[in-house]
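> First, the structure itself, so that you have it in front of you.
Each reported figure results from applying straightforward, stated rules to the coordinates on display, with no laboratory input. In this text, all values refer to a predicted model and were calculated from it rather than measured experimentally. All Cβ positions, glycine included, derive from the backbone under ideal geometry; neighbour counts span all protein chains shown.
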């Protein structure tokens, strides 16, 4: 049985597109130009680990980050969703530079907006 080459190409393109995860839709991320609108640094009492499927593998996540992202301390395995509020920036994407965001050494950060990319030494791309 011969399969037409067009059918194979369409199947492969559909497979590749299905495997790609879209970046965050603009309505899921909100921006604030008022740093005082972010809550002060809070102490996280107890972590509840969650299993998530990331790129086809089950990953044990220590914290899922949603809402305001500015004054915090991250450690362990972190998953940053698209449903966040971050400081606005004008010229560069170093929007955490005025925040009190500490990322402890060895922290692994998965970022949904970056197609679930893992940053094994924290997320320094926006500091």
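> Subtract the Cα-Cα distance of residue 36 and residue 60 from 0.36 nm times their separation in residues, and report this length gain in nm to one decimal.
5.3 nm
> Here's a follow-up. Go through 29-35, 108-114, 65-71 and give me the packing order, highest mean Cβ count within 10 Å leading.
Top to bottom by mean Cβ count within 10 Å: 108-114, 65-71, 29-35.
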